[in-house]
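Engineer: Take this structure first; my questions come after.
The values are calculated or read from the model by the stated rules, or taken from the named source; none is laboratory data. What you are looking at is a predicted structure, and each value in this text was computed from that prediction instead of being measured. Note: ideal-geometry Cβ built from the backbone for every residue, glycine included; neighbour counts use all protein chains shown.
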Amino acid sequence: MPPRVVVVGEVQNGSLAGITAELLSAARKISDQLPVVVLLADDAGKAAQTALDLGVPAVIALQHPSLRDGGAGGFDAAVFALATFLGQERPDVVFVARTDFGYNVAPRVAFRLGVPVAQDCIDLALDKPSGNVVVTRPVYGGNAMAVYRFKDKRPQIVILRPKIFEPLAPTGARVGEIRTVGIDLPDNRVRARLVETAKESRQGVRLEDAEVVVAGGRGLGGPEPFKRLQELADVLGGALGASRAACDAGWIDHSHQVGLTGKSIGPRVYITVGISGASQHMAGCSGAKAIVAINKDPDANIFKDARFGVVGDWQKVLPAFVDTVRELGRS
Ligand SMILES: Cc1cc2nc3c(=O)[nH]c(=O)nc-3n(C[C@H](O)[C@H](O)[C@H](O)COP(=O)(O)OP(=O)(O)OC[C@H]3O[C@@H](n4cnc5c(N)ncnc54)[C@H](O)[C@@H]3O)c2cc1C
């Protein structure tokens with residue numbers, strides 16, 4: 001019998017977050033049948049319809065005013081709602097994304113249910129004889145991969161790293177149904193409430209969503225060159241990234257950091273300038289389809305992963321690179 005799988009989708013500003021389609025694609029690795037999607041929201045109507053477009057058999061909308069954007073802020077309501085639902089339904093496997101929501105909610109739910117949870121998984125499989133999930137996740141700061149086997153307790157909660165699995169494409173054929181479940185949330189369950197949201201001032205595309213990312217590292221030598229990288233990113237309609245070394249030096253804000261302790265990205269093209277390619281940095285860009293590296297050290301680790309590499313001083317290489325990109329854009 002195939003495992004009973006539940007994907008915990010995400011709702012942002014009333015719409016279905018793209019990560020949901022990634023989780024569904026990951027779920028296909030252990031079952032041919034698409035799973036049920038659970039959404040936590042104040043009003044999941046629009047997001048639930050989008051989820052049905054992905055071809056899922058059912059969307060279960062757990063709704064409560066405190067579950068706006070999945071209960072962002074304190075997440076107490078989300079933990080209560082999801083733990084109650086999973087405790088009643090007892091599926092075999094639950095997929096959650098390693099987003100702010102999943103990172104906070106899933107381990108607390110696992111603790112409440114007394115079931116196992118695996119963080120930051122980048123691959124998975126089903127051990128058919130036992131029906132248990134086997135996951136792969138980076139360890140030792142991304143320097144090694146470890147394979148973990150769940151034991152028999154259920155549900156087995158798998159937290160998946162974003163930008164690893166190709167999002168499932170919509171089928172257009174709506175065959176599933178939407179079931180709305182009101183949550184009876186006791187007042188004393190919500191101890192932390194979101195009081196205010198401050199919007200990050202940002203121009204252009206979000207780093208996590210960008211098709212092209214141009215990133216700089218310690219090799220740039222200071223904050224000034226980041227302006228040149230921003231120009232290149234603008235020409236390509238992309239976003240600006242950075243290594244932790246550059247962020248720690250104060251050359252650029254930490255919101256641009258890519259890596260193990262930064263953001264996970266999966267652009268079509270990732271252009272790195274003066275970045276050595278430490279494993280902790282590469283952990284954040286393993287979803288990139290093609291890496292282009294500019295580095296003066298021919299032995300730099302980044303060249304092992306780069307599809308295209310230029311060995312040279314960025315001060316000489318970058319201007320010609322930007323000019324050529326502009327030229328191509330005009331032709
Ligand atoms: C627990 C932990 C978590 C971490 N998390 C992250 C993370 O999320 N993200 C992250 O990035 N790092 C992270 N790090 C740090 C990581 O180990 C590296 O120290 C960091 O990525 C190095 O940044 P860098 O490549 O910019 O600098 P360096 O490693 O110093 O590399 C600079 C590169 O620039 C090249 N260069 C120098 N001058 C020029 C020039 N003129 N032209 C062209 N190339 C030049 C050099 O050849 C070199 O390869 C983490 C470390 C730990 C221990």
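Engineer: Of the residues V133, V195, V205, which is at pLDDT 95 or above and of a type outside the set (D, E)?
Structural biologist: V133
Engineer: I would also like to ask the following. Kindly indicate whether any position in the stretch 268-280 is among the polar types (S, T, N, Q), under 22 Å from R326 (Cβ atoms) and either crowded, with 23+ Cβ neighbours inside 10 Å or free of Cβ contacts under 8 Å to residues at least 12 places away in the same chain (or both). Before the answer, list the steps.
Structural biologist: Restricting attention to the stretch 268-280, the residues satisfying the condition of being among the polar types (S, T, N, Q) are 272, 276, 279-280.
If we keep only those that are under 22 Å from R326 (Cβ atoms) too, we end up with 272.
With the extra rule that they be either crowded, with 23+ Cβ neighbours inside 10 Å or free of Cβ contacts under 8 Å to residues at least 12 places away in the same chain (or both), the set shrinks to 272.
The answer is yes; a qualifying residue exists.
Engineer: Here's something else I'd like to know. Which of the residues spanning the stretch 18-55 are farther than 19 Å from G71 by Cβ and in contact with a helix residue (DSSP H, G or I) (Cβ under 7 Å, 6 or more places away or on another chain)?
Structural biologist: Once the filter is applied, which keeps residues that are farther than 19 Å from G71 by Cβ and in contact with a helix residue (DSSP H, G or I) (Cβ under 7 Å, 6 or more places away or on another chain), the stretch 18-55 yields L34, P35, L54.
Engineer: So for the stretch 191-204 (the condition being β-branched (V, I, T) and within 16 Å of the ligand (Cβ to nearest atom)), does at least one residue qualify? Give the steps one after another, and end with the answer.
Structural biologist: Restricting attention to the stretch 191-204, the residues satisfying the condition of being β-branched (V, I, T) are 195, 197.
Then keep just the ones that are within 16 Å of the ligand (Cβ to nearest atom); that gives none.
So far as the stretch 191-204 goes, no, none of its residues is β-branched (V, I, T) and within 16 Å of the ligand (Cβ to nearest atom).
Engineer: Output the number of residues of the stretch 162-179 satisfying the condition of being at pLDDT below 95, surrounded by 12 or more Cβ atoms within 10 Å (Cβ to Cβ) and either over 21 Å from the mean Cα position of the chain (by Cα) or among the polar types (S, T, N, Q) (or both).
Structural biologist: 3
Engineer: Separate question: Out of the stretch 256-296, which residues are touching a Leu at 6+ places or on another chain (Cβ under 8 Å), modelled with pLDDT under 95 and β-branched (V, I, T)?
Structural biologist: Correct list: I265 only.
Engineer: Got a number for residues in the stretch 264-323 being farther than 30 Å from T99 by Cβ, in a helix (DSSP H, G or I) and of a type outside the set (K, R)?
Structural biologist: Here is the first cut: in the stretch 264-323, the residues farther than 30 Å from T99 by Cβ are 294-300, 303, 308-323.
Filter again for in a helix (DSSP H, G or I), leaving 303, 314-323.
Then drop every residue that is not of a type outside the set (K, R), which leaves 303, 314-315, 317-323.
Number of matching residues: 10.
Engineer: Between a first residue in the stretch 126-146 that is over 15 Å from L160 (Cα atoms) and not assigned by TED's automatic domain parsing to the domain that holds T261 and a second residue that is part of a strand (DSSP E or B) and modelled with pLDDT under 95, which pairs have beta carbons less than 8 Å apart while being 6 or more apart in sequence or on different chains?
Structural biologist: Hits for this filter: A144/P138.
Engineer: Which residues, counting only those in the stretch 257-292, are over 16 Å from the mean Cα position of the chain (by Cα), within 9 Å of the ligand (Cβ to nearest atom) and among the aliphatic types (A, V, I, L, M)?
Structural biologist: Answer for the stretch 257-292, where residues must be over 16 Å from the mean Cα position of the chain (by Cα), within 9 Å of the ligand (Cβ to nearest atom) and among the aliphatic types (A, V, I, L, M): V273, I275, A278.
Engineer: Kindly establish whether E231 is part of a helix (DSSP H, G or I), free of Cβ contacts under 8 Å to residues at least 60 places away in the same chain and either away from the ligand (no atom under 16 Å from the Cβ) or under 25 Å from the mean Cα position of the chain (by Cα) (or both). Can you show your working first?
Structural biologist: Values: part of a helix (DSSP H, G or I): yes; free of Cβ contacts under 8 Å to residues at least 60 places away in the same chain: no; either away from the ligand (no atom under 16 Å from the Cβ) or under 25 Å from the mean Cα position of the chain (by Cα) (or both): yes.
Against the criterion (part of a helix (DSSP H, G or I), free of Cβ contacts under 8 Å to residues at least 60 places away in the same chain and either away from the ligand (no atom under 16 Å from the Cβ) or under 25 Å from the mean Cα position of the chain (by Cα) (or both)), E231 does not qualify.
Engineer: Can you pull out the residues in the stretch 188-218 that are out of contact with any strand residue (DSSP E or B) (no Cβ under 7 Å at 6 or more places or on another chain), among the acidic types (D, E) and either in the same structural domain as L124 (by TED's automatic domain parsing) or in contact (Cβ under 8 Å) with a residue 12 or more places away in the chain (or both)?
Structural biologist: If the condition is that a residue be out of contact with any strand residue (DSSP E or B) (no Cβ under 7 Å at 6 or more places or on another chain), among the acidic types (D, E) and either in the same structural domain as L124 (by TED's automatic domain parsing) or in contact (Cβ under 8 Å) with a residue 12 or more places away in the chain (or both), then E200, D209, E211 are the ones that fit.
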